[in-house]
Structures are given as C-alpha cells and as structure tokens.
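Remarks on the structure that follows.
Read-outs: derived from the displayed coordinates by stated rules, not from any lab. These numbers come from a predicted model, not from an experiment. Note: ideal-geometry Cβ built from the backbone for every residue, glycine included; neighbour counts use all protein chains shown.
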Amino acid sequence: MLVAITLVSFFSPSGAHSMPLRKCVGEFSTRLQHSAKVDANCSSGTLRVNNKFDVAIPDQGGSLDISWLSDDAQANTPTEIRISHYSTEVIVSVKGERKSIINRAAISGSYVINQVDRGCSSDSHSVLNPFNPNGFDWYYNAIGEPSGHSNAIYRVGGAFKTWKNETNRCGVSERANALAVNYLGLTNNPEAMGGNPPPYTPNCLSTRIVDGYNVVGWGLLPTGVIAMSCVSHTSSGVWDSDIRFSTSYNWFTEATSSGCSNSYDLGDIATHEVGHILGMGHSDAGTDQVMNPDAFGCNFWNRKLAKGDLLGFQNIWG
C-alpha cells in the first residue's frame, strides 16, 4: 500500500525542481532501549521492532501508539511503544514501562494457566493517553473471524461494556464516568495491521488507520503476537484506533467458562486491547490486572477489571 509522501519545496538559481523527502527507516529494541531518535528529515517509512516485525512510521506531526500481547511474555521486554514524527525527527519510546514484580516464572508458550488471582491486591497501572473526549464509536470486521465463533462480537461488545460500567471483581461499586461507547455495525474496512503475512508489510499503516473507522477484527499478526492495537493521534487528539486478534491461535468465545481448553478467552484479551484504545497502558507483570502484559489461557478473571485497572481508567475518564 502506498504511503503519502510529504514534499518540501525550495527555489534555486538553477531552477531545480522540488525534491521529495526520502522514506524514514529505523530499528528499535524495547528490551535494550527506552527512547531513541531513529531517523530525521524523512517522510513516513518503516520501523523494525525487536528485530521481529515492522510498523509504519507516521507522517510528520503524527504519533502512533502500538501495543501487543505476546505468547512468550518476558518481564523485561516491554510490549508497547510510541512513535512520534516531529518536524525533523522520528522519536521512538517505550510507553507504560513498569518494573516487574513478578513472583512466578516468565510465561513460556501458549495457553499457560494462571493459578492465582492477585488483581485486587495491587493498584499497578499506567496510562498512555491521549484519549478521545467525545467517546468511542467502533465497528466490527467479521471477515477473518475464526470458523464457529460467530458469537465473538458479543465478547468484544462485552469488553467495551466492562470498561464503561467499570465492572470489576474487587467489589467496587459501579459509578458514572465520562466514557461514551457506540457500536456502529459491521464493516469491510480492514484494521490498520499489515497484509498477510504482516511481517512483510508494515503494521499500523497510516493510510488504513486514518480511514475514519475504529475497527476491531481478525487476521494474521507477526509470529508470537496474540493481539495488537494501533492508536494514531496528534496534539489535537486521537484520529483512529484499531484492534486485531490473531487467527493463528485457538479462541474461546462462549458466554460462560464451561468447556474452555487450550485456548485464549476472547473476553479476556478483548478487554485488555479495548483498555489500550481507551488510553490505558500496561501494568506491572504478575499483578493480574486486565492490563498485564501477560496472556494466560482460559483466563476468565480478566473479563472483569482489577484494582489497578479501575484506578487508571478513573484517572482518564473521571
């Protein structure tokens, strides 16, 4: 997909024509770097993240927040970044980085079961901001939906309701807040993630993420990535937000917990990803918040918010 090129015009005595800026290109490791200038005096382009997958560098004046859940989460490898393209520089920084207070081995492999819920004994949270003060309108793209999971949309809708209603497992009373959520129906507009397979096409392409549709959908993602969110914004606020769930994993989409095995619960993962597009960052690993960077199999606790999730959400949405 073509990305718009920003032209810089100038005049010279020889009558030279205006020249386009070259494409930006860079690399960034969330394990080794906290913030870095990856390029300058360039237009859009591509960033290689953790030598694993590519994301699109936004146009000048824009910023992009990318968050992903991995099936091999390690406590010292943050999985959310912000790319900011200023007038001359492209700066990448780790967002929502939290020190690990994990009391168990780092997750290794898919569908690991979490045996203990510590969610109501920790206030760990972080906020990314910005957010859209007018609320959030969203669409669902069912094109890549796994066979036999036509009820998936209800788990996604339930995730939005969980945040709106502040539904939690810690006995905190629900209350009014400023968030307004509206489901606007099905769409064929794609999520902003790359093509199939995404490792060969940048994720969070600007020509997709600013299409005016906040889309939740399905498709391929880079190897080891369960779900990903892209949030595009400027100093004026959020432009667009998209979520994709990977079709490379087993998913459980039923309303109850009965029968789940060797799968990720969509209610859990969707609540996490919706948290990102509402302004939430990752919490500390091992604290069992919805916004943990960890992903566990059949983890129904996280269909409801924990203590830190509530504190972060209330900080953003009042």
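So for the stretch 162-318, averaging the separation of alpha carbon pairs under 8 Å that are six or more residues apart and normalising by length, what relative contact order in percent results?
Once divided by the residue count of the stretch 162-318, the mean separation gives 22 percent.
When only alpha-carbon atoms are used, what values of Rg and Dmax, in angstrom, describe the stretch 25-317?
Taking only Cα atoms of the stretch 25-317, I get Rg and Dmax of 17.5, 55 Å.
Would you mind calculating the gained length between residue 165 and residue 263 on full extension (0.36 nm times residue separation, minus the Cα-Cα distance), in nm to one decimal?
32.6 nm
In this model, which of 23/95; 95/304; 164/304; 95/161 are farther than 20 Å apart at the alpha-carbon?
The pairs that break the limit, which is 20 Å between Cα atoms, are 23/95; 95/304; 95/161.
Expressed as cubic angstrom per residue, what is the convex hull volume of the alpha carbon set of the stretch 224-299?
Convex hull of Cα atoms, per residue: 106 Å³.
When the convex hull of the Cα atoms of the stretch 160-303 is projected onto a plane and the area is averaged over all directions, what value comes out in nm²?
10.0 nm²
Beta carbons within 10 angstrom, averaged per residue: use that to sort the peptides 301-313, 175-187, 259-271, 278-290, highest first.
Result, highest mean first: 278-290, 301-313, 259-271, 175-187.
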